[in-house]
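Some notes on the structure that comes next.
Derivation of every value follows stated rules applied to the coordinates shown; laboratory data play no part. This one's a predicted model, so the numbers in the text were calculated from it and none came from an experiment. Neighbour counts run over all protein chains shown; Cβ positions are idealised from the backbone, glycine included.
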Amino acid sequence: MAELKDLLGKTMTSVENKGDELVFTTTEGKRYKLHHDQDCCESVSIESVVGDLADLVGEPLLVAEESTSGEHPEGYTAKEYEESFTWTFYKFATRKGYVDVRWLGESNGYYSESVDFAEA
């Protein structure tokens, strides 16, 4: 099983935001993706990307970190009937720049709200 740290030191030929997943392609031809396989009573999606994904291409990846939170970020308005949620934050960096990706997972509390990382 792939782990996010597997990207460290690798050089990307592309990093694509496909709306519901991020796809990383390395110079070695390997592809990795951040994604979530949706189920019936949940939603896990990319809430925002801060920075330019092009900054992650052509230089070795120096930072690949994940953190989660059960609290809403400052300025976010919660939904009226929200039952359960998880924020997942990713920080990536090369010498060219940083990119922060923010995911929001919501469910009725019985389904996964996590983001998966896997070799594609």
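So how strong a dipole does the chain carry about its Cα centre when Lys and Arg Cβ are +1 and Asp and Glu Cβ are -1, to the nearest 20 debye?
Here the chain has a charge dipole of around 680 debye.
Ratio to report: Rg/Rh of the stretch 68-120, with Cα atoms as the point set and Rh obtained by the Kirkwood method; give two decimals.
1.05
Could you tell me the number of lysine pairs in the chain with C-alpha atoms less than 23 Å from each other, where the two lysines are 8 or more residues apart or belong to different chains?
18
If r is the Cβ-Cβ distance from residue 91 to residue 5 and R0 is 22 Å, what FRET efficiency results, to the nearest 0.05?
The formula returns an efficiency of 0.95 here.
Can you work out the base-10 log of I(q)/I(0) for the chain at q = 0.17 1/Å, using the Debye formula on its C-alpha atoms alone?
Once normalised to I(0) and log-transformed, intensities are -0.83.
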